[in-house]
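Everything below concerns the one structure shown next.
Rule-based calculations on the coordinates, nothing more; no lab input. In this text the structure is predicted, and so the values were computed from the model without any measurement. Here the Cβ positions follow ideal geometry from the backbone for every residue, glycine too, while neighbour counts run over all protein chains shown.
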Amino acid sequence: MADVTWDEIRNLRADFLNLQLTETANKLSERNCVELIGLLVKEGLLNVIYTTDGKDIITEQRLIREILDEIYANGGRINIVDLAQHLRIDLTYIEGKIGDVCKEDPTLQFTLGQFISADYTNRLVEEINDMLVERGLIPFSELIRQFDLPTEYLNSIVTNRIIGSTSNGIKFESGTLYTENYVRLQQNILIGCLQAAFLPVRVNEIIKTTRVNENLIQSLIVNLIRDNRINGNLLGTTKENSIFYPKVYTDAQAKYIESFFTQNGYIEYSLVRNLGVNDPEGQTKLVLKDRKQILFLISGCIDLLKFLPQLEMNIEQGLVTNEYVDITTLMPNSFNENDIEKLFKTELSLKELIKSSGGELISNTFILAKELQDKIDKKLNDICQEYAEKESAQCTPQMYAAVLQGNIALASASSKGATAKKPAAAAGKRKGASKVVEESNSNQETIPFVSKDEIKSQIRSINEEVPDEIIDLLTDNLYNIKSRQYLDLFVQRVKESFVLKDNETSNDTTRKSEIKNVQESIKQLHGNICIFSRAIEHLTTENETALAETLQRHLIRSLCADMCDNIIRELDTSASSKTGQLSIEERNKIIQKMSEPNRSHLSKVNESLNGKNVETTLSRLEDAANELLQLSLKRPTKKNEKDLTLDIREKLKAKLTDEQDPAMILHLAITLLFYGIHAGRFVHAPGKAVPSLIKYLSKSLPNNINQRLQEMQEYVIQQSTTGTSSTQLSNEKIEFIKKLGLNAKENMSLTALANDAHES
């Protein structure tokens, strides 16, 4: 083949042309050709495909060639439906040759019914790149519409050929293609716009003003903030609700919040919201996160170290000057009752302050001073007393029967002033008691009482400056309380005039015996109080003030309180059912139900029981016994004192002899030692005062006895605090302490005591 020349080729071409132009002598007819082809096809020697009109045939190899030509003729892209129409070949034959066509030209792709050549893909990539260079961005949806290509194919072209292989830095985000130059231009526009902002800017306004691409703006601002190219924060998730807050603006907000909080000790969320903060509580917590002692309420937050002392001082001053305090006037304007309620629940010191000052918190809004409460209570008690005295004086046997059955109620406002039967219903029945009722019961007896309007008038007459809101709250509360108090008082008066009178007549002998026993008990308590008070006077003269005050308080709260309880039980039979010592509240409740002058005298006694002066308490007890029980109590003479002292000593010795508890042995021994050392004076001391008494007596006792007492005291303290003692005290030492107490007597010899201790 290498020896063939161009002349030989030309000659061969000329011979082939002459042969084609030469006419044959014999020709086959069209029918013969058809039969011949049919025979060849039948014998399997030839494979042909008929056109759709049946006029032409084509071989499979020729069909593949024709398909490739049509793809080339259509610019490298053609749909197989169009291809079938152009070639006039049935679509099924075209579909059957797809694989063979792709094998014939490996650069071809068949996707979603289309042949696409590599040249077409290259031209497509070039055209898209040119569009990007010219415009900077192209929406992917626009490419789909413009080129009418399948989404998957076009996406693979963009991903692999444009984004993956280009040097222009193309990005594909949010369904849009961008060039780096375009993104950089958008960033520069945003930097210029946002760096010049001093106030919050909505993203929508930025889009309208700068024409920045709305699909890119959200991510661009986030990236610029992250790279510290602009200073600020972007709040929001979409461009419709996103707002850019410049750092200078947020810094000014934070500075204002911190400055206001520092100066005033509080800040309101409404004020922070007016600064343009959408989340005032969260922003306030963020700004003040490093602060301590902050209480976050519902409408704002307060500095406990600054605001709370000021609030406590204002409450104290308000209770002193106005007899009431409106807490809402002491709180910031936007703070409501819920904030006040949370403040009082969190800071218990406020409740302790109100309690210690005798105030009462009403509806988490107002505080009433004790003086105003007492005035109102006294006024209404007098009204209850007046009505009870008046109505009980008019009590009929029928009414008395109703009282015994507990079938008594208050009359309605329309029936006020009458004591006849009125429709009412008992909220509950129990013999000897009554309830305020509202429902209908024709079997009840009713008694009149003041209306709520009259109670309001009485409260307003006490202090005309009290706001109507406080008066309404007090009236609603006090009306129910005083109604029940009035009913109970009425029942008590009726019983005093009927039942108790009969009982006194039938049980006169028993009653006299009881009175005598009570009087003897009161006299004995009175004598003991006088004896014990002498020791307190002695300690006071020797400047043992703290110890003297402790003994005074104990004497008042024990023997003086017992003496008061005896007087109360003698005057009020309902108190006799209560065992043990009455509390101040129980005494006050019983006393308030009594009539004058019992209530006046016993109120003074009950008030003094909370004091620190034994002489004042004892004087009031003597006055009460004299005025209410006609029992004259005289201070003991020297002879009586001697007898009382010996009686006390013998009782203490008897108790010490049988005592086994080390703590009680020490207590009794110290009491007897005090008697022996200090001229026959006895102390009535609580257990906590024993160490102070030991310290005081140590000045007069020998060292070895002081050592024994100290050992005993340490042993008792360890045993009481831990339940066990690190050192066991011998029985001999305990018996020695007991012996000290049993041998104590007036003007006893301390030398003998020292010798006994030494020998022991």
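Give the long-range amide H neighbours of Tyr324: residues separated by 5 or more places, or on another chain, with amide H under 5 Å away, using H modelled in the peptide plane at 1.01 Å from N.
Ala369
Could you line up Ser451, Ser483 from fewest to most neighbouring Cβ atoms inside 10 Å? Could the numbers behind the result be given before it?
Working: Ser451 14, Ser483 20.
Lowest count first: Ser451, Ser483.
Could you derive backbone 3J(HN,Hα) for segment 362-378 from the dihedral phi with the Karplus parameters 6.51, -1.76 and 1.60 (θ = phi - 60°), listing whole Hz in sequence and x where the residue is Gly or Pro?
Each residue of segment 362-378 in turn: 10, 6, 6, 10, 10, 10, 9, 6, 4, 4, 5, 4, 5, 4, 5, 4, 5 Hz.
Using only alpha carbon pairs under 8 Å that are at least six residues apart, calculate the relative contact order of segment 527-625 and give it in whole percent.
Rounded, it is 32 percent for segment 527-625.
Find out how many positive minus negative residues lie around Ala197, taking Lys and Arg as positive, Asp and Glu as negative, among other residues whose Cβ is under 13 Å from that of Ala197.
Surrounding charge for Ala197 is +1.
Give, rounded to the nearest 20 debye, the magnitude of the charge dipole that segment 57-114 has about its Cα centre when Lys and Arg contribute +1 at Cβ and Asp and Glu contribute -1 at Cβ.
That gives a dipole near 40 debye.
Viscosity 0.890 mPa s, temperature 25 °C: give me the Stokes-Einstein translational D for segment 283-415 in µm²/s, with Rh taken as the Kirkwood radius over C-alpha pairs.
Answer from the Stokes-Einstein relation: 132 µm²/s.
Please report the net charge: other residues with Cβ closer than 14 Å to the Cβ of Pro106, K and R +1, D and E -1.
-3
Net charge within 12 Å of Thr238 by Cβ-Cβ distance, Lys/Arg positive one each and Asp/Glu negative one each, not counting Thr238 itself?
0
Taking amide H positions as placed in the peptide plane 1.01 Å from N, state which residues far from Gln444 in sequence (5 or more) or on other chains have amide H under 5 Å from it.
Answer set, sorted by chain and number: Ala424.
Identify the residues of segment 55-97 with backbone N under 20 Å of a label point that sits 7 angstrom from the Cα of Asn122 along the Cα-to-Cβ direction, or state none.
68-78
I need Leu602, Leu697, Leu646 ordered by Cβ neighbour count within 10 Å, fewest first.
With the fewest neighbours first, Leu602, Leu697, Leu646 line up as Leu646, Leu697, Leu602.
From the Cα trace of segment 181-249, what convex hull volume per residue do you get, rounded to a whole Å³?
Numbers: hull volume 5.1 nm³, N = 69.
Per residue, the Cα convex hull of segment 181-249 comes to 73 Å³.
Taking a cut-off of 17 Å between Cα atoms, list the lysines near Lys342, but don't count ones fewer than 8 places away on the same chain.
Lys351
Would you list Arg31, Arg484 from fewest to most Cβ contacts within 10 Å?
Listed from fewest to most nearby Cβ atoms, that is Arg31, Arg484.
Among the lysines, which have Cα under 17 Å from the Cα of Lys239 when same-chain residues fewer than 8 positions away are ignored?
Straight-line reach from Lys239, under 17 Å: Lys208.
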